[in-house]
Amino acid sequence: MTNGAVAGGAAAAAVAQAIKASGAIVNVESTDFMTMLNKMDNPLVVCSESKFISTKYHYLTAYKGLIFYTKSVNPLTLRPSAELIQAKKIWIPG
């Protein structure tokens with residue numbers, strides 16, 4: 001087995017462990033994410049900004065026991081009742 005194969009196997013194992021630790025993360029379109037937020041009284045939203053070639057905005061929220069994720073090229077306009085937590089980075093396994 002080559003060093004590359006060992007490193008690839010280790011990376012796959014790390015991703016699998018991250019998925020186990022975080023549970024299921026559902027990737028949705030920004031419009032669906034906003035529709036979901038509008039169903040919540042006081043949504044908690046974690047967001048981050050990434051800059052690689054272009055700026056992207058990443059968002060996470062929990063709804064009915066699942067974690068939902070979306071990304072957008074423009075910042076989402078959240079209503080005032082949303083609690084916003086600014087994260088340095090959001091990393092989604094896989």
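All of the numbers you see were taken from the coordinates with simple rules; none came from a lab. Just so we're clear, the structure is a prediction, and the values are computed from it rather than from any experiment. Cβ sites come from the backbone with ideal geometry, for glycine too, and all protein chains shown count toward neighbours.
Only counting other Cβ atoms within 10 Å, I'd like TYR69, TYR59 sorted with the fewest neighbours first. Provide the component values of the computation, followed by the final result.
Details: TYR69 16, TYR59 24.
Final ranking by Cβ density, sparse to dense: TYR69, TYR59.
Quick one: net charge of SER48's neighbours, Cβ under 15 Å, K/R +1, D/E -1?
Values: positive: LYS51, LYS56, LYS71, LYS88, LYS89; negative: GLU49.
Residues close to SER48 contribute a combined charge of +4.
The Cβ shell under 14 Å around THR35 holds other residues with a net charge of +1, Lys and Arg each +1, Asp and Glu each -1.
The length gained on full extension between ALA24 and THR55, counted as 0.36 nm times the residue separation minus their Cα-Cα distance, comes to 8.6 nm. Give me the lysines in straight-line cross-link reach of LYS51: C-alpha distance below 18 Å, same-chain residues under 8 apart excluded. Once the sequence-local lysines are set aside, what remains near LYS51 is LYS71, LYS88, LYS89.
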